[in-house]
Amino acid sequence: MRAARLARSTDVVSYEVRKSAIDVIAENAWWLAALLVLVGCLYTVAEESRTRWLPFLFIYLVALLCRTAVCERVVLFRGLGVQLESTNCLAARSRMFLEENDIESVLINEVRRAWVVLACFGLAPDSVSSLALVDGRVARP
């Protein structure tokens, strides 16, 4: 697996991870083993029924390749959000953009939830219990 940081400008930074063929095989080892067992079972069956299962084996292999990402990229846009891009073995790309406001609201909700859980057990530290929300942002009073 090869990772790289690609700085485009001061406001846009991109990180990219590419997987080698060995990484793809290691990620899908159980699925490939199941495919080999299935092929082995089919060879023990009569010859005329072997050819009926070949299209299903091909579909299984294509589905396996479609779910495996070989290149993943995260692009950070200052003040806008994050773009997540993934490319699978068959060169199909999927992109998702998360706005900064969405990320911020998720973090605030998770901090609130963690504080409630800690407070229930009496483990909330003073630094966490002193957090206050001002205009939807976490701030110290």
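Given the criteria modelled with pLDDT of 80 or more, more than 18 Å from GLU85 (Cβ to Cβ) and not small (Gly, Ala, Ser), does VAL37 qualify?
Working: modelled with pLDDT of 80 or more: yes; more than 18 Å from GLU85 (Cβ to Cβ): yes; not small (Gly, Ala, Ser): yes.
Yes: the conditions hold for VAL37.
If you take the residues in segment 67-91 that are open to solvent by less than 60 Å² (accessible area, probe 1.4 Å), touching a Cys at 6+ places or on another chain (Cβ under 8 Å) and not in a strand (DSSP E or B), which one is nearest to TRP31 (Cα to Cα)?
Here the residue is THR68.
Please go through segment 56-66 and give me each residue that is surrounded by 14 or more Cβ atoms within 10 Å (Cβ to Cβ) and within 13 Å of ALA92 (Cβ to Cβ), ordered by number.
Correct list: LEU65 only.
Examine segment 128-136 for a residue that is outside any strand (DSSP E or B), at pLDDT below 75 and open to solvent by 90 Å² or more (accessible area, probe 1.4 Å), and state whether such a residue exists. I'd like the intermediate steps shown before the answer.
Filtering segment 128-136 for residues outside any strand (DSSP E or B) gives 128-131, 135-136.
Checking the rest, the ones that are also at pLDDT below 75 come to 128-131, 135-136.
Subsequent filtering for residues that are open to solvent by 90 Å² or more (accessible area, probe 1.4 Å) retains 135.
Looking through segment 128-136, at least one residue is outside any strand (DSSP E or B), at pLDDT below 75 and open to solvent by 90 Å² or more (accessible area, probe 1.4 Å).
If we scan segment 45-52, do we find a residue that is at pLDDT below 80, over 19 Å from LEU90 (Cβ atoms) and part of a loop (DSSP other than H, G, I, E, B)? Break it down into steps so the answer makes sense when it comes.
At the first step, the residues of segment 45-52 found to be at pLDDT below 80 are 45-52.
Applying the additional criterion that residues be over 19 Å from LEU90 (Cβ atoms) yields 45-52.
Checking which are part of a loop (DSSP other than H, G, I, E, B) leaves us with 45-46.
Yes, the conditions are met somewhere in segment 45-52.
In segment 11-34, which residues are assigned to a strand (DSSP E or B) and either open to solvent by 50 Å² or more (accessible area, probe 1.4 Å) or more than 13 Å from CYS71 (Cβ to Cβ) (or both)?
Within segment 11-34, the first condition is being assigned to a strand (DSSP E or B), and the residues that meet it are 12-18.
Matches in segment 11-34: VAL12, VAL13, TYR15, ARG18.
The values are calculated or read from the model by the stated rules, or taken from the named source; none is laboratory data. Please read all numbers here as calculations on a predicted model, not as lab measurements. No Cβ is skipped: glycine too gets one built from the backbone with ideal geometry, and neighbour counts run over all protein chains shown. Please note that ligands, DNA and RNA were not included when accessible areas were found on the heavy atoms of the full protein model with its side chains. Shrake-Rupley method; radii C 1.70, N 1.55, O 1.52, S 1.80 Å.
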